[in-house]
């Protein structure tokens, strides 16, 4: 190295170390990408586990993405900090994460899902004693405190759905129908059509809301996928002349939607007793679902 000839004695130990490090890096360049970087990226995950009272979060992010996440969460957490709150740092970071969710929702930055804006969906009903029951789309029954909290800033959509199976023998009595229509006029104001025939292949937002209340999720027994993740399936296929009417539509998760199209399942409207050999849908909607033998499947 003629550049340093005769100058080694004048270099400081730190400068000599820098020269040696540069030579070593040139002779032994680091792997690109680094194996640890690849491993961290490929092992990234986020697990959400539901318990009776909480959602447990655990996961792993690559270092760079993880630090970007922490920077945003901690910024939200710091903006909510108050000396009077005496909130532990970990709890404040959890509040920051929820503040991120609320900010994204309020700004409209969250993509639509299933034809509707993403939101926490809570269905209200009443017990025979008249007590209000509020249940999320994933089956959590809200406590009184949770009901008060969610009622602070909701968008309320009244939806009229049929009563429990077997509640009526035969057609709905005229007086009951009249009462229902009167309630609808009082609560709903301008009513949205739930039968649009052949004018639209895709379910309308009003139909999606009604299906979420009626089916509550995928109608295949035991599935449990909530309504906001499901797709709308035409019982009589659209290509075969099926109509986009509520009584021709059901909610199915992606996997079971594919299986129904492969004739692995049959979904039929049922009377109060239900035909033999079938099972009521897991959501309680008025459908009977049958698993068909393999000889009936198509590819």
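The values are calculated or read from the model by the stated rules, or taken from the named source; none is laboratory data. Every value quoted in this text rests on a predicted model; they were computed, and no experiment measured them. Quick reminder, even Gly has a Cβ in these numbers, built from the backbone with ideal geometry, and neighbours come from all protein chains shown.
Counting just the residues of the stretch 229-247 that are part of a helix (DSSP H, G or I) and surrounded by fewer than 18 Cβ atoms within 10 Å (Cβ to Cβ), which one comes out farthest from the chain's Cα centre (by Cα)?
Initial filter on the stretch 229-247 (part of a helix (DSSP H, G or I)): 229, 238-240, 246-247.
Going one step further and asking which of them are surrounded by fewer than 18 Cβ atoms within 10 Å (Cβ to Cβ), we end up with 229, 238-240, 247.
Details: 229: 5, 238: 26, 239: 29, 240: 31, 247: 24 Å.
Checking each candidate, the answer is 240.
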Open item on the list: Just to be sure before I move on: is residue 245 in the same structural domain as residue 224 (by TED's automatic domain parsing), at pLDDT 80 or above and farther than 23 Å from residue 224 by Cα in the structure I sent?
Closed with: yes
Open item on the list: For the stretch 125-145, give me the residue count where each residue is under 21 Å from residue 223 (Cβ atoms) and in contact with a helix residue (DSSP H, G or I) (Cβ under 7 Å, 6 or more places away or on another chain).
Closed with: 1
TODO: Among the residues of the stretch 12-34, write down those that are over 29 Å from residue 62 (Cβ atoms) and surrounded by 10 or more Cβ atoms within 10 Å (Cβ to Cβ).
DONE: 15, 16, 17, 18, 19, 20, 23
TODO: Run residue 86 past the list (1) on the phi < 0 side of the Ramachandran plot; (2) without any contact (Cβ under 8 Å) to a residue 40 or more places away in the chain and report the number of the one that doesn't hold.
DONE: (1)
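Regarding residue 93, is this residue outside any strand (DSSP E or B), in contact with a strand residue (DSSP E or B) (Cβ under 6 Å, 6 or more places away or on another chain) and surrounded by 11 or more Cβ atoms within 10 Å (Cβ to Cβ)?
Details: outside any strand (DSSP E or B): yes; in contact with a strand residue (DSSP E or B) (Cβ under 6 Å, 6 or more places away or on another chain): no; surrounded by 11 or more Cβ atoms within 10 Å (Cβ to Cβ): yes.
In short, no.
When only residues in the stretch 38-71 that are in contact with a helix residue (DSSP H, G or I) (Cβ under 8 Å, 6 or more places away or on another chain) and over 30 Å from residue 140 (Cβ atoms) count, which is surrounded by the fewest Cβ atoms within 10 Å (Cβ to Cβ)?
Among them, the one singled out is 63.
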